[in-house]
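Student: Take a look at this one; I'll ask things after.
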Amino acid sequence: MRALSALEVGLDSGPFFVVEAREMGLTWKALQNKGWSRLSRGQYVSSRLIRDINVTLHAVARRMPSTFAFSGKTAAWLLGLDMSPCEPVEVTLDRGVPVRARAGVRLRRATLAESEVTIRHGFRSTCALRTVRDLGSGREPVESVVAVDMALRAGIVRLEELTEYVARHPGEKGIKRLRRAIALADPRSESPWRHA
């Protein structure tokens, strides 16, 4: 019996789950040929699609609850910063949402107000201020300074916004690290830390 193509069953637009393939008339065994590529457990994509960042982000988004947002370097990339978005893909979820860790995905458990979420390139993502706040308060000082510096030079946040945020949230986790990164970042010049 001839294997059906992605075009024939309508599964050629992006990542899908085995259960969806079954609804279109494909068995799991039928997915085990060169016409399909496995993305993760129970999730496939047509081999006709180029495996790029968008396919990866769509695949992760489909596995997440509706309240998630891409965050960290993934959100920074969606905002236009020169950061690697998929090593690993970074996602923020509220602490109470039951989701297991997944290969290639770093889950961050934190309160995420809907006002801190935006849509970038069709994906839910932390807004610019929240993204820079998260990156700037990281444990690696050099990476934190580089992230703040890049964001300021790119104009996705203003220095005043960051300093006001720090002043309004004095006891928040990571705020001392963010304050230090803001003090060391210089949006007017190419940071020498960037290449460290």
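Student: Tell me, which residue of the stretch 110-141 that is of a type in the set (Val, Ile, Thr) and at pLDDT 95 or above is surrounded by the most Cβ atoms within 10 Å (Cβ to Cβ)? Let's see the steps before the verdict.
Tutor: Let us first name the residues in the stretch 110-141 that are of a type in the set (Val, Ile, Thr), namely 111, 117-119, 126, 131-132.
Among the residues that remain, those that are also at pLDDT 95 or above are: 117-119, 126, 131-132.
Working: 117: 19, 118: 17, 119: 10, 126: 30, 131: 33, 132: 30.
The qualifying residue surrounded by the most Cβ atoms within 10 Å (Cβ to Cβ) is 131.
Student: Here's a follow-up. Could you check, for the stretch 70-82, whether at least one of its residues is without any contact (Cβ under 8 Å) to a residue 24 or more places away in the chain, part of a loop (DSSP other than H, G, I, E, B), closer than 19 Å to residue 151 by Cα and in the same structural domain as residue 136 (by TED's automatic domain parsing)? Working first, answer last.
Tutor: Here is the first cut: in the stretch 70-82, the ones without any contact (Cβ under 8 Å) to a residue 24 or more places away in the chain are none.
Checking the stretch 70-82: not a single residue is without any contact (Cβ under 8 Å) to a residue 24 or more places away in the chain, part of a loop (DSSP other than H, G, I, E, B), closer than 19 Å to residue 151 by Cα and in the same structural domain as residue 136 (by TED's automatic domain parsing).
Student: Quick test for you: out of 105, 99, pick the one residue that is of a type in the set (Val, Ile, Thr), assigned by TED's automatic domain parsing to the domain that holds residue 143 and in contact with a helix residue (DSSP H, G or I) (Cβ under 7 Å, 6 or more places away or on another chain).
Tutor: Numbers: 99 fails: in contact with a helix residue (DSSP H, G or I) (Cβ under 7 Å, 6 or more places away or on another chain).
Only one candidate qualifies: 105.
Student: Scan the stretch 17-33 and give yes if some residue there is within 22 Å of residue 123 (Cα to Cα) and either outside any loop (DSSP other than H, G, I, E, B) or not assigned by TED's automatic domain parsing to the domain that holds residue 121 (or both), otherwise no.
Tutor: Yes; the residues of the stretch 17-33 include at least one that is within 22 Å of residue 123 (Cα to Cα) and either outside any loop (DSSP other than H, G, I, E, B) or not assigned by TED's automatic domain parsing to the domain that holds residue 121 (or both).
Student: Sticking with this structure for a sec: I'd like to check something: does the stretch 58-76 contain any residue that is at pLDDT below 90, more than 14 Å from residue 134 (Cβ to Cβ) and not hydroxyl-bearing (Ser, Thr, Tyr)?
Tutor: The answer is no; no qualifying residue exists.
Student: Would you check which residues across the stretch 105-154 are hydroxyl-bearing (Ser, Thr, Tyr) and touching a Gly at 6+ places or on another chain (Cβ under 9 Å) and list them? Spell out how you get there, then give the answer.
Tutor: To start, the set of residues in the stretch 105-154 that are hydroxyl-bearing (Ser, Thr, Tyr) comprises 111, 115, 118, 125-126, 131, 137, 144.
126, 131, 137, 144 - these are the residues of the stretch 105-154 that are hydroxyl-bearing (Ser, Thr, Tyr) and touching a Gly at 6+ places or on another chain (Cβ under 9 Å).
The values are calculated or read from the model by the stated rules, or taken from the named source; none is laboratory data. All figures in this text were calculated on a predicted structure; none of them were measured in a lab. Positions of Cβ are generated from backbone atoms using ideal geometry, with glycine treated the same way; all protein chains shown enter the neighbour counts.
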